[in-house]
Amino acid sequence: MITFILGGNKSGKSDYALEIFSKYSGTKCFIATGKARDMAFREQIMVHRKERDPSIPVFEAGTDLHQVLVKARKDYEHLLVDSLDFWLFSCSELANGEQIVGEVVRLLSEWKGPDLILVSCEVGLGPLAMSREVREFVRGLGGLNRRIAAIADEAYLVAAGLPLTLKK
């Protein structure tokens, strides 16, 4: 089963994903996609690490999410990917980024494997940014989120720490 969790920055989406994840029994792994590009984000990553169960293995996927998912689904019963927005941002810097995204979407559309929780930022609720690069990223993430929501068995939007059911 694929569970998709969306929310704005600091909305509680990762906390909600971890809450669901903690209820699973069996083997689990956490797949992180964020890269520490500045000190503030490095500190945020450290806070997230402290909040997670230290017994759960963590894989840092970078742009290789497809490869990490294929390997992890063989070894674990439950997977949590946090988050697709950081992964997409990293992919957008690559010449073949769209191809990489397409491969992951195809993998997910044919997903037969462990329970999978996917976390992503919902950026389409606010005003559109002035720079062309940011507008392209917002549109790209909105498109990716729509594709993942269509594939997912369940989808939630977390606002102010409260999960709202979008699809069940």
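The values are calculated or read from the model by the stated rules, or taken from the named source; none is laboratory data. The shown structure was predicted, so the numbers you read here are calculated from the model rather than taken from an experiment. With ideal geometry, Cβ positions are generated from the backbone for all residues, glycine too; neighbour counts draw on all protein chains shown.
Observations
- Qualifying position, being touching a residue at least 24 places away in the same chain (Cβ under 8 Å), within 28 Å of SER22 (Cα to Cα) and surrounded by fewer than 20 Cβ atoms within 10 Å (Cβ to Cβ), among ALA159, ALA155, ALA150: ALA159
- The condition of being at pLDDT 95 or above, touching a His at 6+ places or on another chain (Cβ under 8 Å) and of a type outside the set (Gly, Ala, Ser) holds for only one of LYS28, LYS71, LYS13, LYS23, that being LYS28.
- Residue match in region 98-107 (condition: of a type outside the set (A, V, I, L, M, F, W, C), surrounded by 16 or more Cβ atoms within 10 Å (Cβ to Cβ) and either in contact with a strand residue (DSSP E or B) (Cβ under 7 Å, 6 or more places away or on another chain) or touching a residue at least 24 places away in the same chain (Cβ under 8 Å) (or both)): no
- Scanning region 31-57 for residues that are in contact with a Phe, Trp or Tyr (Cβ under 8 Å, 6 or more places away or on another chain) and surrounded by 14 or more Cβ atoms within 10 Å (Cβ to Cβ), we see that the one that is modelled with the highest pLDDT is ILE31.
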